[in-house]
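Q: Can you read through this structure? Questions will come right after.
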Protein chains: 2
Amino acid sequence: MIFAGIGIGSAQQADVQMLREIYTASLKEGKSYDWLNHLSNQIGGRLSGSVQAEQAVTYTKKELDVLGLDRVWLQPVMVPKWVRGTPEFAYIESEPGETNNVPVCALGGSVATPAGGIKASVIEVQGVEDLAKLGKSQIEGKIVFYNRPMDPTLINTFEAYSGCVDQRYSGAEEAAKFGAVGVVVRSMNLSIDDHPHTGSMSYGELELTERIPAAAISTKGADLLSTTLKLNPEIKFFLRQNCRQLPDVQSYNVIGEIRGSEFPEEVIVVGGHLDSWDLGDGSHDDGAGCVQSMEVLNLLKKVGYQPRRTIRVVLFMNEENGLRGGRKYAEIAKEKNEKHLFALESDAGGFTPRGFSFDCTQEEFNRILTWKNLFEPYLVHQFIRGGSGADIGPLKDQGLVLSGLRPDSQRYFDYHHAETDTFKAVSKRELELGAAAMTSLVYLVDRYGFISSSALPDRQ
Amino acid sequence: MIFAGIGIGSAQQADVQMLREIYTASLKEGKSYDWLNHLSNQIGGRLSGSVQAEQAVTYTKKELDVLGLDRVWLQPVMVPKWVRGTPEFAYIESEPGETNNVPVCALGGSVATPAGGIKASVIEVQGVEDLAKLGKSQIEGKIVFYNRPMDPTLINTFEAYSGCVDQRYSGAEEAAKFGAVGVVVRSMNLSIDDHPHTGSMSYGELELTERIPAAAISTKGADLLSTTLKLNPEIKFFLRQNCRQLPDVQSYNVIGEIRGSEFPEEVIVVGGHLDSWDLGDGSHDDGAGCVQSMEVLNLLKKVGYQPRRTIRVVLFMNEENGLRGGRKYAEIAKEKNEKHLFALESDAGGFTPRGFSFDCTQEEFNRILTWKNLFEPYLVHQFIRGGSGADIGPLKDQGLVLSGLRPDSQRYFDYHHAETDTFKAVSKRELELGAAAMTSLVYLVDRYGFISSSALPDRQ
């Protein structure tokens with residue numbers, strides 16, 4: 001053991017040095033940005049079941065193959081396949097013949113409209129809880145327009161998202177129960193612009209015949225619709241979309257690992273999700289998390305660090321509309337009786353890293369906090385207890401520590417699930433700093449584990 | 001005094017509430033983004049002495065006039081007027097007739113080339129210190145190409161800038177002493193792209209006849225030039241630019257203030273610089289700082305706070321190529337025997353605020369640190385001692401506390417002094433968060449001052 005018999009000061013000094021080397025390697029000779037360039041610009045949006053998703057599997061496996069890891073493999077998983085079809089079309093009809101087109105997109109999982117579209121009156125609500133107050137008499141035969149905006153005063157924009165997303169996820173299911181013929185949902189976006197933002201939705205237990213089409217409308221379109229409705233509640237809304245759900249298809253999680261030199265049976269997972277929505281190229285959500293996770297293994301090799309535990313990168317398939325990859329990975333891990341110590345996900349965009357959230361015990365958190373000062377020179381300052389990432393969530397019953405990278409969240413919802421989520425919206429340095437922060441945390445977990453309260457490496 | 005007799009806990013609670021109100025006002029009904037839209041898109045780049053700079057004076061004064069401040073005025077200052085002329089043109093000539101155009105721009109203050117341009121051999125150096133080693137024999141008659149890049153491993157990109165900018169500022173002066181006929185400087189940019197970045201330069205004590213033209217070359221152009229030189233040191237470089245220096249012209253600092261209710265003679269200044277370079281529209285440098293500074297006064301009024309001291313916004317003219325506005329302001333303040341307590345500048349881009357740097361005594365800094373916890377909910381975490389801003393620097397001999405807003409610096413040099421510094425590169429939320437952070441700090445300084453060590457307002 002390298003540090004046995006050496007004081008804590010020296011161990012910390014070695015860690016200071018290691019983090020500096022990790023950051024230098026990421027910023028000077030990292031691969032994350034080039035990988036993302038390929039994923040985004042040569043492949044593009046990677047919706048589960050699409051050709052692009054399969055290209056991304058092939059590409060990332062090939063790139064992991066050349067890193068000289070101990071093992072790289074594909075883990076089969078059946079995924080849903082939903083396709084958008086031809087571009088959606090919608091307009092507000094103030095009077096017969098007087099129309100304003102508005103930008104819309106089908107929500108992921110939505111049914112199509114009839115081929116000729118639907119045209120109906122609109123009732124605006126601020127959330128699903130308004131439906132019961134209005135009752136069937138005021139909803140039946142209409143399009144329900146969910147228009148509760150994200151709260152701009154929340155500093156963490158994910159909280160603002162959480163406060164709205166039920167409209168998108170459950171809006172159609174709930175409105176259908178009151179006889180609505182369709183729903184239009186204000187995009188989950190803090191900017192006022194022309195880009196509709198898609199995302200997953202559910203019909204719950206509704207029969208196929210009861211399902212109604214659901215679309216997102218751009219924030220600017222939502223404001224126009226709301227204003228128009230105030231002037232004249234009798235206006236009509238036209239929506240046409242021909243998305244559909246196809247049978248499940250075979251896909252894969254892409255996995256690579258460096259075997260641990262001392263505790264190979266203890267697994268540390270770092271990952272993101274390889275699938276994305278189809279409107280943009282999925283650079284922030286979650287191409288960034290994928291290439292950062294691949295970079296963790298690359299950087300550990302670059303700086304010549306030999307992990308004590310097994311460090312595994314997992315590029316999960318189908319986070320966006322099914323979470324099948326995350327569930328499959330946890331299922332197989334359980335079957336194989338693998339011991340997972342730690343899982344870290346990056347799925348909040350490739351922005352400047354501000355910190356990490358940890359889903360763990362207080363004792364484990366106390367241990368983690370002893371590392372916080374090492375991140376100060378890199379302005380990674382926020383170590384909090386909280387959620388981690390959707391894909392690693394299914395591992396939770398293994399009793400491991402889960403963590404999520406916390407990048408700056410201010411711009412995330414400008415791009416999230418929209419055509420604006422493209423490579424040029426990613427800053428190379430911000431992406432690389434995130435990869436370095438993740439690598440640093442993985443290094444510390446690998447070296448010290450969570451159990452001993454000593455700063456020296458534990459032997460367990 | 002509102003808080004007299006109330007415990008510290010209550011005072012802090014009132015501050016917590018005040019900061020929340022300030023942030024809410026900025027994010028929900030702030031004016032900064034609309035102001036910047038006008039400055040950037042209706043006016044554009046505002047080089048000292050230009051029509052646009054004068055339009056910016058008129059516009060910002062008009063906007064301050066409608067805020068209902070106690071006084072708004074223009075402070076006359078004579079400024080230099082340098083004009084770029086027709087677009088610059090440059091190419092690398094590998095062999096006669098075989099040329100590659102490269103993007104260049106004249107450095108601010110440079111002389112023109114002869115009308116037909118200059119064509120000469122090139123000698124690449126890593127800095128001015130290389131010149132003496134090479135000597136006149138290897139430099140005379142050539143174009144000196146300064147190609148030391150910014151260091152990507154520095155987390156604070158301003159440090160990387162400081163490590164390079166002497167090439168731009170002094171490169172021509174030094175090279176001229178060795179008989180060079182021109183200089184080409186690698187743009188101060190961490191990205192590899194096609195945008196040349198201008199910026200100020202000086203000829204020092206050189207006579208007019210000794211001055212040689214100086215241009216910046218894009219980072220991609222610099223890499224091409226360097227590679228080409230390695231293949232064949234005999235290649236030639238062609239440069240044509242017809243910029244020139246005109247006589248000084250009249251301009252103005254734009255100033256507005258809310259008079260203090262208790263200590264009107266104590267002045268707190270908040271500001272940015274109204275001039276910008278001409279290639280982009282100066283949105284980050286420093287339209288952002290101007291509108292954030294105006295917003296400080298607007299937000300204090302919005303939340304109904306009556307300042308104890310005089311809060312003054314100053315939009316300084318001519319930071320980029322002369323600092324005449326900053327010097328004039330300090331000169332007049334001294335003449336009028338004004339007492340300045342605190343000056344805060346925002347001139348590092350409209351990005352997510354990470355903290356503040358303070359140029360102050362340790363005792364003052366200790367006092368400031370007692371406020372730090374109030375900023376934690378807003379992720380403003382970096383309170384350090386350090387530099388403030390160029391425009392407020394001349395006030396320093398008044399013995400006041402100087403401070404600079406520290407936004408996230410990762411993207412700043414993608415835009416700085418280049419055509420890419422445009423409105424669309426600014427995030428509305430990031431800009432607004434910066435304005436709120438500045439307003440919060442100004443509020444705390446106004447309420448508590450720096451002298452008493454108690455958390456209660458001091459009476460002085």
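The values are calculated or read from the model by the stated rules, or taken from the named source; none is laboratory data. Predicted, not measured: the structure shown is a model, and the values here were computed from it. As a convention, Cβ positions derive from the backbone with ideal geometry for all residues, glycine included, and neighbour counts pool all protein chains shown. For the accessible areas, the whole protein counts, side chains as well, though only heavy atoms, and no ligand, DNA or RNA atoms are used. Shrake-Rupley method; radii C 1.70, N 1.55, O 1.52, S 1.80 Å.
Q: Between B and A, which B residue has the Cβ nearest their rotation axis, distance in Å?
A: B:H381, 2
Q: For chain B, take the longest principal axis of its alpha carbons; what is the angle in degrees between that and the long axis of helix B:219-231, to the nearest 10 within 0 to 90?
A: On a 0 to 90 degree scale, this one is about 30.
Q: If you take the accessible area of A alone plus B alone and subtract the pair, what total do you get in square angstrom, rounded to 100, with a 1.4 Å probe?
A: Counting both chains, the buried surface is close to 2300 Å².
Q: A further question on this structure: So what is the relative contact order for the range A:85-242, in percent, with contacts set as C-alpha pairs under 8 Å and at least six apart?
A: 39
Q: Still on this structure, I have one more. Roll a 1.4 angstrom probe over the protein heavy atoms and tell me the percent of accessible area of the protein assembly as shown that is carbon or sulfur.
A: Ligands and nucleic acids excluded, carbon and sulfur reach 51 percent.
Q: For a bin width of 5 Å, list the pair-distance distribution of the range B:310-360 built from all Cα-Cα distances, rounded to whole %.
A: Percent of Cα pairs in each bin: 4, 14, 22, 25, 21, 10, 3, 1.
Q: Note the distances from A:D151 to each other copy's matching label point, with points 7 Å along the Cα-to-beta-carbon direction, in nm, sorted shortest first.
A: Copy-to-copy label distances at A:D151, shortest first: 4.4 nm.
Q: Let me ask something else about it. Under a crude label model (7 Å from the Cα following the beta-carbon direction), how far is A:E210 from A:K339 in nanometres?
A: Those two pseudo-labels are separated by 4.8 nm.
Q: Ok, one more. Distances in nm, one decimal, shortest first, from A:I451 to the same residue in every other copy, taking the label point 7 angstrom along Cα→Cβ.
A: Nearest first, the other copies' label points are 6.0 nm away.
Q: Sorted from largest down, give the three principal axis spans of the alpha carbons of the range B:85-242, whole angstrom values.
A: 42, 37, 35
Q: Given a 1.4 Å probe, how much area per residue of the protein assembly as shown is accessible, in Å²?
A: Accessible surface, normalised per residue, equals 36 Å².
Q: Write down the percent of antiparallel bridges among all DSSP beta bridges whose residues are both part of the range B:321-460, to the nearest 5.
A: Around 45 percent antiparallel, to the nearest 5.
Q: Kirkwood Rh over Cα pairs of the range A:32-101 into Stokes-Einstein at 37 °C, 0.692 mPa s: D in µm²/s?
A: Calculated translational D: 211 µm²/s.
Q: Return the lysines within reach of A:K119: Cα separation strictly under 30 angstrom, same-chain partners fewer than 8 residues apart disregarded; answer none if there are no such residues.
A: Partners found: A:K81, A:K133, A:K136, A:K142, A:K177, A:K220, A:K230, A:K236.
Q: Separation between the B:E29 and A:R71 pseudo-spin-labels, each 7 Å from Cα along Cα→Cβ, expressed in nm?
A: 6.2
Q: Please enumerate, by chain and number, the lysines with C-alpha under 30 Å from the C-alpha of B:K372, excluding those fewer than 8 residues away in the same chain.
A: Reachable lysines: A:K372, B:K28, B:K31, B:K301, B:K302, B:K339, B:K396, B:K428.
Q: Take every residue in peptide B:24-32, count the Cβ atoms of other chains within 10 Å of its Cβ, and give the average of those counts.
A: Taking the mean over all residues of the peptide, I get 2.
Q: The range A:134-174: Rg/Rh from Cα coordinates, Kirkwood Rh?
A: 1.11
Q: Take the alpha carbon atoms of the protein assembly as shown, find their radius of gyration, then divide it by 2.2 N^0.38 Å using N residues; give the quotient.
A: Against the empirical 2.2 N^0.38 Å value, I get 1.01 for the protein assembly as shown.
Q: Would you jot down the residues in the range A:147-187 that end up with at least 40 Å² less accessible area in the complete protein assembly than in the chain alone, with a 1.4 Å probe?
A: A:P152, A:T153, A:I155
Q: Based only on Cα atoms, what mean projected area does the convex hull of the range B:103-172 have, in nm²?
A: Hull-based average projected area comes out at 5.9 nm².
Q: Still on this structure, I have one more. Put a label point 7 Å from Cα along the Cβ direction on B:G399, then list its distances to the equivalent points in the other copies in nm, shortest first.
A: Copy-to-copy label distances at B:G399, shortest first: 6.5 nm.
Q: May I ask what percent, to the nearest 5, of DSSP beta bridges between residues of chain A are antiparallel?
A: In chain A, approximately 55 percent of DSSP beta bridges are antiparallel ones.
Q: If I fit a long axis through the Cα atoms of helix A:288-302 and take the longest principal axis of the Cα atoms of chain A, what angle between them do I get, 0 to 90°, rounded to 10?
A: 10
Q: Taking Cα atoms, how many degrees apart are the long axis of helix A:51-65 and the longest axis of chain A, rounded to 10 and kept between 0 and 90?
A: Roughly 10 degrees between the two axes.
Q: Could you give the nm distance between label points at B:E95 and B:D193, where each point is 7 Å from its Cα heading toward the beta carbon?
A: My value for the distance between the label points is 3.5 nm.
Q: What residues from the range B:370-401 fall in the zone where the backbone N is under 20 Å from a label point 7 Å along the Cα-to-C-beta line of A:E159?
A: Only B:372-382 fall inside the zone, counting backbone N under 20 Å.
Q: Next question, about the same structure. So what is the 222 nm mean residue ellipticity for chain A from helices alone, if each DSSP H run of at least 4 adds -39500 (n - 2.57) and you divide by all residues, rounding to the nearest 500 deg cm²/dmol?
A: -9500 deg cm²/dmol
Q: Next up: Explain nothing, just the number: relative contact order of chain A, from Cα pairs under 8 Å at least 6 residues apart, as a whole percent.
A: 22
Q: How big is the C-alpha Rg of the range A:236-383 next to the rule-of-thumb value 2.2 N^0.38 Å, as a ratio?
A: Cα-based Rg divided by the globular estimate yields 1.24.
Q: For the range A:281-396, what does the relative contact order come out to in percent, with C-alpha contacts under 8 Å and a separation of six or more?
A: 33
Q: What does the charge add up to near A:G117, with Lys and Arg as +1, Asp and Glu as -1, over the other residues with Cβ less than 14 Å from its Cβ?
A: +1
Q: In Å, what Kirkwood hydrodynamic radius results for chain A from the alpha-carbon pair distances?
A: This gives a value of 23.0 Å.
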